[in-house]
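Scroll down for the structure; my scribbles are underneath it.
The values are calculated or read from the model by the stated rules, or taken from the named source; none is laboratory data. Computed from a predicted model, the values in this text were never measured in an experiment. Because the Cβ atoms are built from the backbone with ideal geometry, glycine has one as well, and the counts that use them run over all protein chains shown.
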Amino acid sequence: MKPYSFCPICGTMLDRAIIDGRGRKVCLSCSWVHYINPLPVAIAYTLNKNDELLLALRAHEPACNEWSLPGGFVEAGEKAEDGCLRELREETSLEGKIDSLIGIYHREVEPYGSLLVLAYKVVVEDDTIAINHELFEAGFYPEHLMPEVRIPLHQEIMKDAALYEPVQ
Ligand SMILES: [Zn+2]
């Protein structure tokens, strides 16, 4: 993210100061402080009734042409669970239900900066997929037929999700 040079409130040139233990840009005219917070992302680890996992081949950067779990940015005013299901619906037209929170993760990703990632286990009744422009391909895969997922965060979520699977 390109740093601010001028105050977005009053237009004064910003100075730097240590506030709450960190160097931050600050406006000495109106006291505005440029706090930089992580962006929330929701990811859907989505299973159909046969316990097959939804994987999607991304058609955009970052990680273009990589197999991934669907997900995206949570909007302002939106619950993370709703953002998770909305992103799933937009990318694949699937109507999911939240089963559980798998975990919360942190990543630094260009060009977004810090991401706060909430990964949910989602279940679908009807697993008929219609992908949008964000994907090249998507499908539900049993473990032995899964394409290789190489995005480290998604590998970590898949590993953590597997720990929650009930023992048969
Ligand atoms: Zn200002």
Out of (1) away from the ligand (no atom under 16 Å from the Cβ); (2) in contact (Cβ under 8 Å) with a residue 12 or more places away in the chain; (3) loosely packed, with under 13 Cβ neighbours inside 10 Å, the one residue 109 does not meet is (3)
In the set 79, 121, 97, the lone residue that is of a type in the set (D, E, K, R) and closer than 29 Å to residue 3 by Cα is 79
Given (1) assigned to a loop (DSSP other than H, G, I, E, B); (2) outside the structural domain of residue 99 (by TED's automatic domain parsing); (3) of a type outside the set (Lys, Arg), residue 23 misses just (1)
Just one listed residue, out of 121, 49, is charged (D, E, K, R), in contact (Cβ under 8 Å) with a residue 60 or more places away in the chain, more than 16 Å from the ligand (Cβ to nearest atom) and surrounded by 12 or more Cβ atoms within 10 Å (Cβ to Cβ), and it is 121
Within the range 9-27, is even one residue acidic (Asp, Glu), under 30 Å from residue 123 (Cβ atoms) and more than 16 Å from the ligand (Cβ to nearest atom)?
-> no
Subset of the range 89-112, residues assigned to a strand (DSSP E or B), farther than 18 Å from residue 64 by Cα and not basic (Lys, Arg), comes to 96, 98, 99, 100, 101, 102, 103, 104, 105, 106
